[in-house]
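Q: Right, I'll just put the structure down here and ask away after.
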Amino acid sequence: MKRVAAAETLRRAFAALPEPPARGTSTHGAFGLASDWEAKHKALVSKWLQTSGEVAEVVDALCHRAPLAPGKQEEIADYCRKKLADHVSEVVNNDRYIQEELSERLATAGVLPMFGFPTQTRSLFSYKKDATVDEMVVSDRPLDHAVWAFSPGSEIPKDKQVHVACGFEYKKQVGGRIIPDPDPLGKPLVFSRCEEPTCGNIMQGAVETCDVCHSMASPFNLYQPKGFVTTGRPRDYDGQRQRGPSLKPPVLAFKPDYASGFRVGPMSVAMTSDEPIALVNDAGGEFFKFRRKVNSIVVNDDYLYRDDAPHQDLQGDPETTGAIGAVFNTDVMTLLLDRLPGVGYNGILDVENQPAAAAALVSFGEFVKLAAAVDLDVDPSELRVGTQKWRTPSCVTRQVYVADSLENGAGYTRHVCDAGRLKGMLERHYQIRKAEWQADDHALCDRSCPDCLRNYNNRFLHAALDWRLALDVAELVLGLPLDMDRWLAPAERIGKRFVELCNTENGNVFLEKSDSLFAVTRRDPGLSLVLSHPLWYTSKDGPAQDRQQNAKLSLQANHGASHEVKFVDIREFTASPQSFVIRMLEAS
């Protein structure tokens with residue numbers, strides 16, 4: 001409603017100008033060029049918005065019988081009168097937006113309704129003599145895709161040739177002239193990264209201390225390039241190419257307010273609108289060194305390129321350093337699983353001490369996205385999902401977020417962010433997927449596959465996805481009994497194979513059942529590894545489950561009070577048996 005009111009009041013304000021702008025190619029309104037706003041139009045448009053009675057008339061008509069919260073209509077009218085002109089200026093002066101027509105830029109920024117889809121498309125340019133700007137474009141990609149696909153060192157095939165991206169450049173054609181932008185990186189945004197390698201948390205703004213692990217944090221510049229450039233020396237495509245780097249999922253550049261949200265069983269839920277999410281490419285933590293070449297910025301570090309790095313004549317201190325990325329505002333639903341019954345550390349999955357905790361939360365995030373897509377009858381690519389570290393008083397976990405892919409929000413996330421709707425959506429999806437994923441024709445999928453959780457959009461997360469963990473967390477959130485057999489039923493078979501592996505090295509290891517759990521034991525020096533559920537906690541304060549306690553008491557009763565008993569995640573035990581073989585055979 002706010003965007004529609006902004007569009008109509010701006011339309012009337014521009015129409016009232018002595019010389020209204022001519023209609024251009026934009027379908028969002030005849031508001032002229034963005035470059036003309038400050039000098040030509042802002043003062044007169046702002047005065048009209050503040051004084052014209054038509055503003056109240058527009059808002060009253062649009063809000064008539066609309067299901068708005070009390071005071072919302074007055075808030076919209078106040079925005080149009082007092083804040084809209086300055087909001088337009090903010091968008092005009094923001095380097096993120098490169099659309100030339102003002103109405104198109106405002107629609108992309110979410111000030112006006114979008115007819116079609118907003119685009120943050122970025123071009124990859126390659127020099128061609130006597131060519132137009134369009135003829136110089138090798139490829140186009142949305143910004144959040146371009147920051148890895150066109151990252152320096154990436155190789156892009158086209159027309160049986162491979163083009164190597166090496167930096168940043170933006171060109172536009174005015175009449176018959178091609179005008180390069182001298183600042184293709186745009187203005188930087190300041191973010192900070194934790195200096196602890198095992199954490200690496202990214203936060204918005206200049207922050208000295210990590211809010212997750214409390215280690216030192218260092219600020220860095222994040223650039224959203226206006227365009228990209230190749231070396232200009234394509235080679236014949238031989239079937240091999242170097243793709244862009246794997247990027248971590250986008251990070252939330254804000255802190256959700258769970259106190260103002262609601263709960264779905266053991267899960268806290270918060271809804272946040274128009275807050276930033278950042279996708280960061282920091283060159284694997286090394287940061288890019290940006291060097292100027294006339295109106296282009298190039299990166300010529302050897303380690304980024306498969307062959308010789310370009311522009312080796314550019315040496316010395318770089319003009320600046322930093323990361324490239326995409327920052328976009330949208331609707332975000334965040335989920336904090338802080339009261340899960342019978343698992344984790346006091347009901348919280350501890351990502352620092354539980355091997356399966358991070359994978360469980362990532363998998364559950366994909367499960368929620370698929371559930372929402374089915375419920376809304378939209379493609380899963382309409383939604384983004386990710387996890388981000390979150391410190392609780394007892395441990396570090398990860399919050400899960402689901403956001404609209406469409407910048408400024410399409411309303412999907414807001415629609416499902418309701419306690420009843422969210423729980424019902426998860427229940428229906430759980431019943432369907434449980435039957436499908438536990439069926440015989442899915443038995444060969446040990447963790448994830450294209451028939452359950454994997455797809456192209458989550459390709460960087462494939463190693464973490466696990467359909468069993470997704471069902472586990474869904475059961476806990478919905479208040480259903482946790483199906484222990486999903487993991488523990490094959491424990492005897494897994495234990496026997498492990499014993500055979502150890503005894504090929506004369507390990508004198510055997511399998512035994514201790515109460516209700518299986519353990520692999522070596523009498524000398526006296527060590528047992530008890531196969532446990534991946535979500536059970538085994539660190540800090542010791543085993544938390546009755547079944548674990550009973551197993552430990554049984555083993556020590558059989559082998560003596562000094563017998564060492566350790567609990568291991570059966571998922572990790574199955575995936576990496578070699579590390580446990582070494583642990584067992586080298587025990588002393």
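The values are calculated or read from the model by the stated rules, or taken from the named source; none is laboratory data. Keep in mind that what you see is a predicted model, and the values were worked out from it rather than measured. Every residue, glycine as well, gets a Cβ built from its backbone with ideal geometry; the counts of neighbours run over all protein chains shown. Note: accessible area is taken over every heavy atom of the protein model, side chains too, but ligands, DNA and RNA are not part of it. Shrake-Rupley method; radii C 1.70, N 1.55, O 1.52, S 1.80 Å.
Q: Is at least one residue of the range 508-531 under 35 Å from the mean Cα position of the chain (by Cα) and within 30 Å of Arg428 (Cα to Cα)?
A: No, the range 508-531 contains no residue that is under 35 Å from the mean Cα position of the chain (by Cα) and within 30 Å of Arg428 (Cα to Cα).
Q: Something else: Select from the range 3-17 the residues that are touching a residue at least 12 places away in the same chain (Cβ under 8 Å) and open to solvent by 30 Å² or more (accessible area, probe 1.4 Å) and write down the one among them that is farthest from Leu112 (Cα to Cα).
A: Selected residue: Ala16.
Q: Would you confirm whether any residue within the range 342-360 is in contact with a Ser or Thr (Cβ under 9 Å, 6 or more places away or on another chain), open to solvent by 10 Å² or more (accessible area, probe 1.4 Å), among the hydroxyl-bearing types (Ser, Thr, Tyr) and at pLDDT below 95?
A: Scanning the range 342-360, I find at least one residue that is in contact with a Ser or Thr (Cβ under 9 Å, 6 or more places away or on another chain), open to solvent by 10 Å² or more (accessible area, probe 1.4 Å), among the hydroxyl-bearing types (Ser, Thr, Tyr) and at pLDDT below 95, so the answer is yes.
Q: Given the residues Val374, Val368, which is the only one that is at pLDDT 95 or above, over 18 Å from the mean Cα position of the chain (by Cα) and either assigned to a helix (DSSP H, G or I) or over 27 Å from Ser218 (Cα atoms) (or both)?
A: On inspection, the qualifying residue turns out to be Val374.
Q: Right, here's the next one. May I ask you to list pairs of residues, at least six apart or on different chains, whose Cβ atoms are under 6 Å apart, with the first in the range 231-244 being under 21 Å from Trp148 (Cβ atoms) and the second being of a type in the set (Lys, Arg)?
A: Pairs found: Tyr237/Lys160; Gln242/Arg306.
Q: Can you tell me which residue is nearest to Leu422 (Cα to Cα) among those in the range 476-531 that are open to solvent by less than 20 Å² (accessible area, probe 1.4 Å) and in a loop (DSSP other than H, G, I, E, B)?
A: Gly526
Q: Exactly one condition in (1) open to solvent by 50 Å² or more (accessible area, probe 1.4 Å); (2) touching a strand residue (DSSP E or B) at 6+ places or on another chain (Cβ under 6 Å) is not met by Arg459; state its number.
A: Result: Arg459 fails condition (2) only.
Q: Does the range 308-318 contain at least one residue that is without any contact (Cβ under 8 Å) to a residue 40 or more places away in the chain, open to solvent by 70 Å² or more (accessible area, probe 1.4 Å) and among the polar types (S, T, N, Q)?
A: yes
Q: Filter the range 184-196 for residues that are out of contact with any Asp or Glu (no Cβ under 6 Å at 6 or more places or on another chain) and touching a residue at least 40 places away in the same chain (Cβ under 8 Å) and give the result.
A: Within the range 184-196, Leu185, Pro188, Leu189, Phe191, Arg193 meet the criteria.
Q: Out of curiosity, is Arg65 without any contact (Cβ under 8 Å) to a residue 12 or more places away in the chain, under 30 Å from Leu143 (Cα atoms) and assigned to a loop (DSSP other than H, G, I, E, B)?
A: In short, no.
Q: Any chance you could count how many residues in the range 221-247 are basic (Lys, Arg) and buried (at least 16 other Cβ atoms within 10 Å of the Cβ)?
A: Qualifying residue count, the range 221-247: 1.
Q: Further question on the same structure: Report whether or not Val55 is touching a residue at least 40 places away in the same chain (Cβ under 8 Å) and more than 17 Å from Pro113 (Cα to Cα).
A: yes
Q: Give all pairs with beta carbons closer than 7 Å in which a residue from the range 388-412 that is among the small types (Gly, Ala, Ser) meets a residue that is open to solvent by 30 Å² or more (accessible area, probe 1.4 Å); count only pairs at least 6 apart in sequence or on separate chains.
A: Ser394/Tyr345; Ser394/Asn346; Ala403/Arg384; Ser405/Ser381; Ser405/Glu382; Ser405/Arg384; Gly409/Ser273; Ala410/Glu382
Q: Being over 21 Å from Tyr97 (Cα atoms) and among the aliphatic types (A, V, I, L, M) narrows it down to one residue among Val327, Val298; which is it?
A: Just one listed residue meets the conditions, Val298.
Q: How about the range 462-475: which of its residues are open to solvent by 10 Å² or more (accessible area, probe 1.4 Å) and outside any helix (DSSP H, G or I)?
A: His462, Ala463, Ala464
Q: Still on this model: What are the pairs with Cβ atoms under 7 angstrom where one residue, in the range 34-49, is under 17 Å from Arg11 (Cβ atoms) and the other, located anywhere, is of a type in the set (Phe, Trp, Tyr) and in a helix (DSSP H, G or I)? Sequence gap at least six, or different chains.
A: Val45/Phe14
Q: Sticking with this structure for a sec: Please enumerate the residues belonging to the range 1-45 that are acidic (Asp, Glu) and in a helix (DSSP H, G or I).
A: If the condition is that a residue be acidic (Asp, Glu) and in a helix (DSSP H, G or I), then Glu8, Asp36, Glu38 are the ones that fit.
Q: In the range 165-200, what residues are more than 22 Å from Thr320 (Cα to Cα), in a strand (DSSP E or B) and open to solvent by less than 50 Å² (accessible area, probe 1.4 Å)?
A: Across the range 165-200, there are no qualifying residues.
Q: Quickly run through the range 430-446 and pick out the residues that are of a type in the set (D, E, K, R) and either exposed (fewer than 14 other Cβ atoms within 10 Å of the Cβ) or at pLDDT below 95 (or both).
A: Glu436, Asp440, Asp441, Asp446, listed by residue number.
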